[in-house]
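Note sheet for the following structure.
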Amino acid sequence: MPATLADRLEVMFASLKEKREEVVGLLVGEGPQLPPLARQLDSDGDGVLNKAAKEAGFTGKSKSVVEILVPTGLKEKRVLLFGGGAAGKADENDWIMLGGSSVAKLQSANCKAASLVVEVDGEAELPDHEIAAAMAVGALLRSYKFDKYITKKDADEDSATANKLGKLVVHCAEPKKAEKAFVRQNAIGRGVMLARDLVNEPANVLGPVEFAERAKALEDVGVDVEVLDVKELKKRKMGALLAVAQGSSRPARVVVMRWNGSKKSAAPVAFIGKGVVFDTGGISIKPSAGMEDMKGDMGGAACVVGLMHALAARKAKVNAVGVIGCVENMPSGDATRPGDIVTSMSGQTIEVLNTDAEGRLVLADIMYYAQDRFKPQMMVDLATLTGAIMVALGKNYAGLFCNNDELAEGLLAASKATGEKAWRMPLDKAFHKLIDSKNADVKNLGGRWGGACTAAAFLERFVTDKDTPWAHIDLAGTAMDAPKNEISQSWASGWGVRLLDRLVADRYES
Ligand code: BES
Ligand code: MN
Ligand code: ZN
């Protein structure tokens, strides 16, 4: 495991009887009474819990909290009541989110360790140990921070508002079962955090070669990883991808990751990621304001790496391949010029009218490569492809383009289930007209309008077998500088890992 995955929060499970930390959070549903352990604490404390709940108008509604400082008669320094809502209505994702918002409250209690008591007692659709595991991963994701380059952490820890919480003990009736359920949750959570780490990492540290090395580390969880260098990419005639990379002094890499969790004969599902470690725009250079954000232009590739980690670590019963194209888009004497015509691996020629529309060139070659080599039963590509998708959908929704209604429906269902929002956008012949070139088979620029749609149409030309269900997800708005929520507070969200893991679990596992 890379060092950056070092935990800021240690999560463990314990029984209801085990010793509690001095700060305790109690999960309380919308029922008429407190759950058993809370009732016992209440009587030990002379009814202080009920009194505080009444005083605060607390009814157990979801997202409500009561904090009781120094409750008399109890050993605990603080008790927090967390509203679990009508437990019967809550699904797994609701519990994950509640884990995130609960740990945030416990963090602000300014303690080193805390207990969280899960005792929903059969009122919920999920058993308590699964709720405990879901809340635990929510807590873990909420605690993620990218602070490896802050050298003055001590000063930060002295401040009154600092988050000192380093240990969370989740209590439930069957902690052994919770631990087991957590294996899956933890695999997914680690995948999300791995994606966040990659996106947050600055481009001087994470060049194409270093990115490939990080992906190579997935061998530790049983993923088979191949790294193709420039010589091999030239041999395979990836002229489009190499045209993007040629302006940079740092050489390109393509990484092929394989997780074989199903029988050998089963066609794999394929995930393809844009891994532009930094996008200056190239000769069609971007304005300087905000250009620093382009260190995140490998959000699609990061998602694929995070997903492959999740699938392998939870031993998903599926054959999956991940292919990512790692390049840097720089202006230089060697850079591709506007007007250049390049030949992609598929044989189609591309007129490069704007060197800042580079992501589609990278994807063209690796999408073709993945289909040619693996004949996948389905293919999803992920890319921070266009600013236009943010104009269309804002920063809460990723854009979903899909040539197959069943796949689109599966993706949207997984999106609903995980709260990682996506919205379907059109593929249409009309967009293809806009990218026909006078001088080559296709040009890398559409007109003024519908920039996300002409980009998707461009990619569609590289889906060589039209019967292969294919989806393109434009996550320019959601992967980086994303809106904060219960489980994501970092600049990089790790968007898509949970969604795609869920898609695989619900539709592609044997
Ligand atoms: N990486 C950018 C898209 C992007 C913009 C991602 C902002 C995240 C935040 C992409 O390579 C790009 O530059 N797209 C151009 C395409 C245009 C030149 C057709 C864009 O969106 O402006
Ligand atoms: Mn660009
Ligand atoms: Zn880009």
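Values as computed for the structure displayed
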read-out	value
Alpha-carbon Debye profile of the range 10-173, log10 I(q)/I(0) at 0.09, 0.15 Å⁻¹	-0.28, -0.76
Additional length obtainable on full extension of the chain from TYR149 to ASP372, 0.36 nm per residue less Cα span	76.1 nm
Per principal axis, descending, Cα span of the range 81-180 in whole Å	46, 25, 20
Point-charge dipole on Cβ atoms (K/R +1, D/E -1) for the range 193-248, about Cα centre, debye to 20	440 debye
Helix-only CD estimate at 222 nm, as mean residue ellipticity for the chain, using -39500 (n - 2.57) per DSSP H run (n ≥ 4)	-10500 deg cm²/dmol
Burial order of peptide ranges 365-374, 67-76 (average beta-carbon count within 10 Å, highest first)	365-374, 67-76
Beta bridges per DSSP with both ends in the range 189-507, % antiparallel, nearest 5	45 percent
Stretchable slack from SER43 to LYS395, in nm (0.36 nm times residue separation minus alpha-carbon distance)	121.9 nm
The range 12-19 - phi-based ³J(HN,Hα) in whole Hz, Karplus 6.51/-1.76/1.60, Gly and Pro as x	9, 10, 8, 6, 6, 7, 4, 4
Antiparallel DSSP beta bridges within the range 10-173, percent to nearest 5	20 percent
Built amide H within the under 5 Å cut-off of LEU445, gap 5+	LEU353
For the range 128-219: Kirkwood Rh in Å [reciprocal of mean 1/r, alpha carbons]	15.6 Å
Centre separation in Å (Cα based) which lies between the range 240-286 and the range 350-414	13 Å
The chain, accessible area per residue, ligands and nucleic acids excluded (1.4 Å, Å²)	41 Å²
Separation of the ALA113 and LEU69 label points, Cα + 7 Å toward Cβ, nm	2.4 nm
√(5λ) per eigenvalue of the Cα gyration tensor, the range 355-510, largest first, Å	25, 20, 13
Residues of the range 250-278 with amide N under 19 Å of the 7 Å Cα→Cβ point at ASP293	274-278
Gyration tensor over alpha-carbon atoms, the range 202-287, equivalent ellipsoid semi-axes in Å	27, 15, 12
Apportionment of accessible area to carbon and sulfur, the chain, percent (1.4 Å)	51 percent
Tail beyond 41 Å, pair distance distribution of the chain (Cα, percent)	25 percent
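The values are calculated or read from the model by the stated rules, or taken from the named source; none is laboratory data. Note that this is a predicted model, so its numbers are computed, not measured. Reconstructed Cβ throughout: ideal geometry from the backbone, glycine too, with neighbour counts over all protein chains shown. Keep in mind that these areas ignore ligands, DNA and RNA; they rest on the heavy atoms of the full protein, side chains included. Shrake-Rupley method; radii C 1.70, N 1.55, O 1.52, S 1.80 Å.
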